[in-house]
Amino acid sequence: MSPPVALDDSYIPVAVATLIPATATPFSLFLRDDARYRLFRDANFPFDVEDRDRLLQNGVTRLYVTNGNLDRYKSYLRTQLDGLLADETLPPCERLGGLNEVVRNVLQEDFACGDSARIVNSAKTLAEQTVQAICNTDAVASDLFSVMHHDYQTFTHSANVTYLSVFLASQLGLAVDDLPQIAAGALLHDLGKLQISDRILNKNGSLDVSELAVIKRHPTAGFEVLCKRSDLSWGQLMMVYQHHEDWQGGGYPVGSVGAEIHLWARICTVADVFEALTANRPYRKGMPRSEALGLMRGRMKDRFEPEILQCFHTAIQPS
């Protein structure tokens, strides 16, 4: 057995739930033990059900890979995700956790490269898997919240809005065949932010008037890129273009009102605002769920279609 290694920044945590039993990982796995990393499984040695169950029973939800193996881990995640989602021995929160790791990794890489075609293609694939994870695992709101990250990176926000949009759409009783399109539309809803500098997106404070004007361009910018494609539906394009329109008017980019706003965009608006309120921003900590819901049902209520907001509140309010 390899000797323990002192803690340093060259080890990356990975969720146990993302490791598929009976598969050999192409990277070594390490346990964190006090101030040391200890080898748990060597590369290409099978990780089995007993391994997973023993770790989880002992409260170990994370193992570690070396920084140099991070790309191998991401590739492994993508190729094994379907198997993870189909594993009915895993509770919903663990399958959702695996999905979330993949979605965030893919979106992080795609947003960093700035290639809209690559992002659309990824969104289509991830949409099907997201719907499978949320609708075929008896997932409830608490499962979603248990796996969601809360930083305000654009890729994290897009992932969270997608989970919430699909969950809300399913609670509203929308056709199952529509859900993958809604998931892909939600993954793409902030595509226009690729044209905004990180200086503005991640500003540590309130935006000034000129910066706010730049931000308000992102629905139009995203629509202008995507409307040239023939493989996206009108509803998906409207999720990109209208997710900042308000039910009672006064939103942007054009101030649409009521039924002028596509149903899928109305769903995305609720998910988008809730996620933004509960996420940690550079200049403030995210609100608790109950506080965010109270604000949305109070001072902000004119932004949302009442029936959709009520359904969302009923589905996710803390017990």
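Just so you know, all these numbers are worked out from the coordinates, no wet-lab data involved. The structure presented is a predicted model; accordingly, all values stated were derived computationally and were not measured. Every residue, glycine among them, receives a Cβ derived from its backbone with ideal geometry; neighbour counts consider all protein chains shown.
Things worth noting here:
- If you plug the beta carbon distance of D138 and R72 into 1/(1 + (r/R0)^6) with R0 = 35 Å, you get a FRET efficiency near 0.60.
- Likely footprinting exposure, I12, I134, fewest C-beta neighbours within 10 Å first: I12, I134
- Distance from the C-alpha centroid of region 246-278 to that of region 62-129: 29 Å, rounded to the whole angstrom.
- Over region 81-160: Rg over Rh, Cα atoms, Kirkwood Rh: 0.97
- Whether region 206-276 is rounded, prolate or oblate, judged on the alpha carbon gyration tensor where a/c under 1.5 counts as rounded: oblate
- For the peptides 111-120, 54-63, 90-99, residues were scored by their other Cβ atoms within 10 Å and the scores averaged per peptide; the highest-first order is 90-99, 111-120, 54-63.
- For the residues D110, D33, D48, a GNM of the chain with alpha-carbon springs under 10 Å puts the largest fluctuation on D33.
- Nearby lysines by direct alpha-carbon distance to K285 (threshold 17 angstrom, same-chain neighbours under 8 apart not counted): K203
- Percent of Cα-Cα distances greater than 34 Å, calculated over the chain: 25 percent
- Given K124/K193; K216/K301; K193/K301; K74/K301; K228/K301, the pairs whose alpha carbons are separated by over 29 Å: K74/K301; K228/K301
- Dipole check for the chain: with +1 at the C-beta of Lys and Arg, -1 at the C-beta of Asp and Glu, and the Cα centre as origin, the magnitude is about 720 Debye.
- Relative contact order (%) - criterion: Cα under 8 Å, at least six apart; region: the chain: 13 percent
- Helical content alone sets the calculated 222 nm signal of the chain at -16500 deg cm²/dmol, taking -39,500 (n - 2.57) per DSSP H segment of four or more residues and averaging over every residue.
- Cα coordinate range in region 75-123, projected on the principal axes (Å, largest first): 38, 16, 16
- Mean shadow area of region 1-72, taken as a quarter of the surface of its Cα convex hull (nm²): 4.6 nm²
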